[in-house]
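This report refers to the structure that appears directly beneath it.
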Amino acid sequence: MNKKVVLCAMTLLIAVLICGCTTTAPQESTVPAAAEIPSLTGNWTGSMAGYEYGAGYTNFSGYTITMSVTEQRDRIFSGAFVFTNESGFHVWENAPFAAVIGRDGRTITMIEDGGGYTSGSIISSDEIELIYADGNDPFNIAINVLKRS
């Protein structure tokens with residue numbers, strides 16, 4: 001009879017270990033919360049440097065780029081670019097764009113009228129770096145460093 005009690009106790013102990021002690025605790029969600037969405041509305045002005053196939057490297061000396069963000073809803077924003085030469089003449093104005101701020105609250109993805117694409121980073125509340133790429137002939141790429149103005 002003792003043998004039956006010991007066997008039942010061992011069986012019960014093994015069942016408890018298998019069922020209860022070997023399960024893992026529920027895991028917390030590993031999806032990070034979305035970062036705070038910065039407001040980008042207003043004017044951003046800065047310099048450009050780039051490369052154009054056939055023309056080579058350039059710093060667009062004397063030219064200024066202004067990004068005017070006129071609307072923002074959550075992480076989506078839109079506006080237009082204006083390119084000005086050293087005399088203050090608008091070489092290209094009202095070039096529309098639409099963009100998205102990444103879930104991390106720092107990355108930017110943008111599409112521009114006429115076929116260019118831009119990716120970038122929000123460096124601080126008053127500085128943005130944009131990388132423009134255009135695959136049309138001649139292809140070109142540029143770095144634009146903009147500060148809130």
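Taking 0.36 nm per residue of separation and subtracting the Cα-Cα distance, what length does fully extending T109 through E129 add?
Contour length minus Cα-Cα distance gives 6.1 nm.
What's the local net charge at P96, with K and R +1, D and E -1, over the other residues with C-beta under 12 Å away?
Summing Lys/Arg as +1 and Asp/Glu as -1 gives -4.
Compute the signed sum of charges (Lys and Arg +1, Asp and Glu -1) over the other residues within less than 15 Å, Cβ to Cβ, of S78.
-2
If each of S119 and D74 carries a label point 7 Å out from its Cα toward its Cβ, how far apart are those two points in nm?
Here the answer is 2.3 nm between the modelled labels.
Filter the GluC sites (Glu not before Pro) in the stretch 64-149 to those in DSSP coil with at most 16 other Cβ atoms within 10 Å of their Cβ, and list the result.
Qualifying residues, ordered by number: E86.
Jot down the radius of gyration and Dmax of the stretch 64-148, Cα atoms only, both in angstrom.
Cα radius of gyration and Dmax of the stretch 64-148 are 12.8, 40 Å respectively.
Read the figures in this text as sums done on the coordinates, not as results from a lab. Here the structure is a predicted model, which is why all the values come from computation and not from measurement. Counting neighbours? That spans all protein chains shown, and the Cβs are built from the backbone with ideal geometry, glycine included.
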